[in-house]
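K.L.:
The structure under discussion is supplied below as structure tokens; questions concerning it will follow.
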Amino acid sequence: MKRIYTTLLLVVLFFGSLGLHIAHAQDEPQKNVTVFFNEACKDCGELVKETYPEFFSEYGYTLDLKDYINDRENRKILSEYNEAWHVPFELQSHIEAFVGDRVLLGGHIPEHVRRYVMEHPDAYDRLLVYQDKMHGEETEYRVWDFIGEIKTYPIDEPITTYFTETTSHDSSQTSVLKERGFWGLFGVITSSAFLDGLNPCAFAVLLFFIAFLFSLKKTRANIWKMGLVYVSAIYLAYLLIGLGIAQAFIISGAPHLMARIGAYLVMALGGIQLLGVIFPSFPIRLRIPVDTKATLENWMYKATLPASFIGGFLVGLCTFPCSGGIYVAIIGMLTSQRSLGSGVGWMLWYNLIFVSPLFILLALSSNRKTAEKLQTWEQSQSKKMKITAGVFMLALGLVIILFFT
């Protein structure tokens, strides 16, 4: 009988421990690597289907392969991943392996780097390693911890160099750097947008429109409605122009180069602005095309809400040559440093600040006498505003080149 009890006890203990082991295994989160790749690429297929399965299985990971060329849905998913991880365009590779929620391996990463990253998870919070060249062409790789600077190293350099360089910055220092970076970008974008909005072209058209509405005996409420529609249309036109330019910069595949080109462009336009003031006969002018003014006035004379919207939209399109250099430079800076989502957020903010002087002008022009005085003031201060804008464009270009590219 004693032997039977002992046997039963051993059986209970065995199955109890087995149950605990199974329950523990079920509680453990599944370790997964989501790999986006191009099925048609031979080198990519070898890495993803031969090297990766054996490599990641050593660390207990399973692979989820997603061909984003033949399956359009996977392209959408890849875009969502990059958006969620805030991966800048310059670090988006033709192969992207998202290891859990902490590591992103982009392209053909050297094995010694891959192994160190997998075997030393305590060395980082989140990490992106990027090497987009095919086999035989690689000379360097890049590393980013999603907080500090993107670092570039020779292909044989151990990744420990990166961790050594970054360990001197503790979390409090990092948060300060991030905050400074945010407020620096905020200051550049906000000041640029406001000065861009001090546009004599748009001012003159709005004041003309308000004066015309007063001559038609329109009430203040009607003037406000039409003025708000007019300004909102300018906002929409400028935003659409900006999104188009940003998309062109991204498609180019060289956002840093485009940012520099934008910076040099705004400096060139600033020089043209100043030359036009110093030499009145200078042949190049930053202004609304003369032929377009008659079209704008025809829409304004209709004095309806739809006509106000069309007129404002046309003003937004036609004033872009006036001061669009600042806008192009800011967009170039954003596309070189930010993901698409955060870049669009900054563009929404830029355009809100851009039209804010028009909202202020609309509020001040609440009666006929004030509107007439503002018209006179705008005409007398036009030269000073052009000089200020020209100097600012030169300074903005230098700031972007020195600190943001």
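K.L.:
For the stretch 72-115, how many residues are under 13 Å from VAL143 (Cβ atoms) and touching a His at 6+ places or on another chain (Cβ under 8 Å)?
P.N.:
1
K.L.:
Being buried (at least 19 other Cβ atoms within 10 Å of the Cβ) and not hydrophobic (A, V, I, L, M, F, W, C) is the filter; apply it to the stretch 236-266 and report the residue that is modelled with the lowest pLDDT.
P.N.:
PRO255
K.L.:
Ok, one more. Of all residues being touching a Phe, Trp or Tyr at 6+ places or on another chain (Cβ under 9 Å) and among the hydrophobic types (A, V, I, L, M, F, W, C) in the stretch 151-188, which is modelled with the lowest pLDDT? Just the residue, please.
P.N.:
Checked the stretch 151-188; the qualifying residue modelled with the lowest pLDDT is LEU185.
K.L.:
In this structure, is ILE69 surrounded by 15 or more Cβ atoms within 10 Å (Cβ to Cβ), among the β-branched types (Val, Ile, Thr) and more than 23 Å from TYR141 (Cα to Cα)?
P.N.:
The answer is yes for ILE69.
K.L.:
Could you grab me the full set of residues in the stretch 33-63 that are within 29 Å of the chain's Cα centre (by Cα) and either modelled with pLDDT of 90 or more or not assigned by TED's automatic domain parsing to the domain that holds ALA97 (or both)?
P.N.:
Those that are within 29 Å of the chain's Cα centre (by Cα) and either modelled with pLDDT of 90 or more or not assigned by TED's automatic domain parsing to the domain that holds ALA97 (or both): VAL33, THR34, VAL35, PHE36, PHE37.
K.L.:
Could you please find all residues in the stretch 126-140 being surrounded by 12 or more Cβ atoms within 10 Å (Cβ to Cβ) and more than 17 Å from THR51 (Cβ to Cβ)?
P.N.:
Once the filter is applied, which keeps residues that are surrounded by 12 or more Cβ atoms within 10 Å (Cβ to Cβ) and more than 17 Å from THR51 (Cβ to Cβ), the stretch 126-140 yields ARG126, LEU127, LEU128, TYR130, GLU140.
K.L.:
Related question: Please enumerate the residues belonging to the stretch 74-108 that are in a loop (DSSP other than H, G, I, E, B) and touching a strand residue (DSSP E or B) at 6+ places or on another chain (Cβ under 6 Å).
P.N.:
If the condition is that a residue be in a loop (DSSP other than H, G, I, E, B) and touching a strand residue (DSSP E or B) at 6+ places or on another chain (Cβ under 6 Å), then SER93, ILE95, HIS108 are the ones that fit.
K.L.:
Is there a residue in the stretch 289-302 that is at negative phi and modelled with pLDDT of 80 or more?
P.N.:
No, the conditions are met nowhere in the stretch 289-302.
K.L.:
Kindly provide the set of residues from the stretch 189-235 that are at pLDDT below 85 and either closer than 20 Å to GLY390 by Cβ or touching a His at 6+ places or on another chain (Cβ under 6 Å) (or both), ordered by number.
P.N.:
LEU195, ASP196, GLY197, LEU198, ASN199, PRO200, CYS201, ALA202, PHE203, ALA204
The values are calculated or read from the model by the stated rules, or taken from the named source; none is laboratory data. Just so you know, these numbers come straight off a predicted model, no measurement behind them. Methodologically, a virtual Cβ is constructed for each residue, glycine included, from the backbone with ideal geometry; neighbour enumeration extends over all protein chains shown.
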